[in-house]
Amino acid sequence: MKNFNHIYFMLILIITLNGCVVEQKLEVEVYETSATGHKLDSITAFDTDGETSQIRILPEQKFQTITGFGGSFTEASAHLLNKMGKENREKIINAYFGEDGAMYSLTRTHMNSCDFSVSNYSYAPVEGDTELNNFSIDEDRDDIIPFIKEAMAASKDGFKILASPWTAPPWMKDNKDWMGGKLLPEYYDTWALFFSKYIDAYALEGIDIWGFTVENEPLGNDSNWESMHFSPEEMTDFVQHYLGPKLEQDGHNVKVLGYDQNREHLQEWVDEMFRTEASSKYFDGTAIHWYASTFEVFPEALQYAHSKAPDKYLIQSEACVDADIPKWKDDNWYWSKEATDWGWDWAPEDQKHLHPKYAPVNRYARDIIGCLNNWVDGWIDWNMVLNKQGGPNWFENWCVAPVIVDEENDEVYFTPIYYTMAHFSKFIRPGAIRIGFEKTDDDLLVTTAENPDGSIAVVVFNEGESKKQFELVLGEATQGVSINPKAIQTVIIKPTETN
C-alpha cells in the first residue's frame, strides 16, 4: 500500500510539473487610449471575469513591409507654430517626433501653396520662365523649412518626406488660374524640371525629399482651391516621358507615387499606370485618400491595386476630419458619433450612405487597421497642427488636426486623435512586416506586425460599449488581456527565444 501511495504521489507530481512546463506566459507591454480617459497609458492589470475570446498571432504569414506613419508639414501648421511660445512649440514637435512621443516616420508636405496655406504662391512665379531661372523656395524659409528642421533634430530614427503639388503656377495651365484647369503640354518639360529643382533646393537646406506624388487630387475638388486635373492617361504619359526621365537624368533617386486621390477610382488608375512595363517603369507606387467615405475602407479596391503592382508602394497620403471645426478640450466629442464629412451635405443621393455621422477616433482607428489589413504600407494624416477655427486656411476649408492650439493664448490641446495615431506610429516601426492573425470576436478590430527588433505589435480596437476580454496566443504561450469600451490598445509582445 505504501508503494502504491508513493507511485501515485510521483505520478501526480510529474503531471503537475509537466503542466507547469507547458503553460507559458507571453511577456507583453500594453498601452491604451480610451473614452474613459486613458491616453496611451501603460496597462498592467486586466479583468479576467466574463467571456473570453482569442487572438492567435501567426508570424509565419507575412504580408507587406511597413513604410511608416505620420502627418503633414503644411504652411498652416508651421504658421501656427511660429505664433506659439518656445516651450509649447518644442512640446508639439517632440510629441510628434521625439522618442517619448509618437515617433512619426512618414510625412508629407506641399509644393507651392495649397488650401492650408496663408495665401496663394508658387516657387516659379515668373511667367514664361521655362528654364526656371527664377525658381525659389523662399516662401518656405520662415515656416515649413524651420518646422521640418526642428522635427529632424527631435527624431532619433529620422523620417521620410513625401512632397505633393496642388497645382503648377497658373501661367503653365490652360485656364491661367490657381484652381482647376490642366497643365499645357508645352510646359510638360518645365513642370518636370520644377520637381528636380525642388529636390535640389531642399537638399541645400539639408532636407532630403524621399518621394513625390505627381499631383494632389488629379480629379479636382470642384475648383474650390488649388488644383490641376490629370486623367490616368495624361498622368501616366507625363511620368513615363517627362518626369521619370528628368529625375533619372538629374541623378535623383526619389520615389514617384501616382494617383493621390480617393480609393473608389483606384482600379482605373492602376490599370493605366501599370498597364505595361514601360508605363510602370517610373512609378514606385500609388497614393490614396480616404474622403470617399467616413467608414468604408474599400478593401476590394486596395486588394486590386496591390495585385496590379505587388512590389510597389500603396500609401495613404492624406486624411482628416473635414467639414467640422475642432472641439476645444472636449475629449468626449472625439469619441462620439457627431462628426460629419463633406458628403453629409454634398454627396449625391446614391452616395449618401457612405457619409453618415461618425466618431473621429473610430474613423482613424478603423481606417488605419482596415488599410493595413489590405496591403497599405504607409498612412499619413493631414495637418499636424490647426487652431480652434480649424485653420488657417485661405479658402476657409476648416478641418480638424490631432493637435489644436489657441495661438493667441499660447495653449495646446492634444486631442484623442493624436493618441490614436501614436498607437500605430510609435509601435509599428518602418521595416516592420505585417503578419497574420486569427480572432474569434468579430467585434474587435485587429492588425498585427513584427518589428525589425523582433517585437510584435498587436493593435486592437474595441468600439463597443462594453469591456472585452481576450487571450493573446503566440505558439504555446498565452496572455490574458482586457480592453475597455471605446478603446484602442497596442500590445507589444517582446522578442524571446521561444517567440
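Of the residues making up segment 405-429, those that are touching a Lys or Arg at 6+ places or on another chain (Cβ under 9 Å) and either in a loop (DSSP other than H, G, I, E, B) or of a type in the set (F, W, Y) (or both) are E407, E408, D410, Y413, F414, T415, Y418, Y419, I428. Among residues of segment 241-258 that are free of Cβ contacts under 8 Å to residues at least 40 places away in the same chain, those with a beta-carbon under 7 Å from a residue that is open to solvent by 30 Å² or more (accessible area, probe 1.4 Å) at least six positions away or on a different chain give the pairs G244/K281; G244/Y282. Would you mention how many residues in segment 378-392 are under 26 Å from R366 (Cβ atoms) and open to solvent by 10 Å² or more (accessible area, probe 1.4 Å)? Of the residues in segment 378-392, 0 are under 26 Å from R366 (Cβ atoms) and open to solvent by 10 Å² or more (accessible area, probe 1.4 Å).
Residues are listed down the side, and each one gets a yes or a no for (1) within 15 Å of the chain's Cα centre (by Cα); (2) surrounded by fewer than 24 Cβ atoms within 10 Å (Cβ to Cβ); (3) closer than 27 Å to D311 by Cα:
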site	(1), (2), (3)
D406	no, yes, no
N409	no, yes, no
F414	no, yes, no
Y419	yes, no, no
S425	yes, no, yes
R429	yes, yes, yes
I433	no, yes, yes
G436	no, yes, yes
D442	no, yes, no
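Scanning segment 306-342 for residues that are assigned to a loop (DSSP other than H, G, I, E, B) and open to solvent by 40 Å² or more (accessible area, probe 1.4 Å) yields P310, D311, K312, A323, I325, K327, W328, K329, D330, K337, E338. Cβ-Cβ distances below 8 Å connect the following pairs, each with a first residue in segment 290-310 that is on the phi > 0 side of the Ramachandran plot, a second residue that is part of a helix (DSSP H, G or I) and buried (at least 22 other Cβ atoms within 10 Å of the Cβ), and a separation of six or more residues or different chains: F298/R263; F298/L266. Quick check on segment 199-211. Is at least one of its residues over 27 Å from E272 (Cα atoms), among the hydrophobic types (A, V, I, L, M, F, W, C) and surrounded by fewer than 16 Cβ atoms within 10 Å (Cβ to Cβ)? The answer is yes, given that some residue of segment 199-211 is over 27 Å from E272 (Cα atoms), among the hydrophobic types (A, V, I, L, M, F, W, C) and surrounded by fewer than 16 Cβ atoms within 10 Å (Cβ to Cβ).
Taken together, the residues in segment 146-179 that are under 21 Å from the mean Cα position of the chain (by Cα) and hydrophobic (A, V, I, L, M, F, W, C) amount to 10. Just to check your reading of the model, which residue among Q351, Q303 is within 21 Å of E217 (Cβ to Cβ), polar (S, T, N, Q) and open to solvent by 20 Å² or more (accessible area, probe 1.4 Å)? The match here is Q351.
The set of residues from segment 248-271 being part of a helix (DSSP H, G or I), in contact with a helix residue (DSSP H, G or I) (Cβ under 9 Å, 6 or more places away or on another chain), open to solvent by 10 Å² or more (accessible area, probe 1.4 Å) and at pLDDT 95 or above comprises Q249, H265, Q267, E268, D271. Filtering segment 468-493 to residues that are surrounded by fewer than 18 Cβ atoms within 10 Å (Cβ to Cβ) and among the charged types (D, E, K, R) leaves E471, E476. Any residue that is within 17 Å of the chain's Cα centre (by Cα) and among the aromatic types (F, W, Y) - is there at least one of those in segment 272-286? No.
How many residues does segment 222-231 contain that are surrounded by fewer than 20 Cβ atoms within 10 Å (Cβ to Cβ) and either touching a residue at least 40 places away in the same chain (Cβ under 8 Å) or not hydroxyl-bearing (S, T, Y) (or both)?
The total comes to 3.
The values are calculated or read from the model by the stated rules, or taken from the named source; none is laboratory data. Computed from a predicted model, the values in this text were never measured in an experiment. For neighbour counting, all protein chains shown are included, and Cβ atoms are generated from backbone atoms with ideal geometry for every residue, glycine included. Ligands, DNA and RNA are stripped out before the accessible areas are found, and what is left, the full protein with its side chains, is counted by its heavy atoms. Shrake-Rupley method; radii C 1.70, N 1.55, O 1.52, S 1.80 Å.
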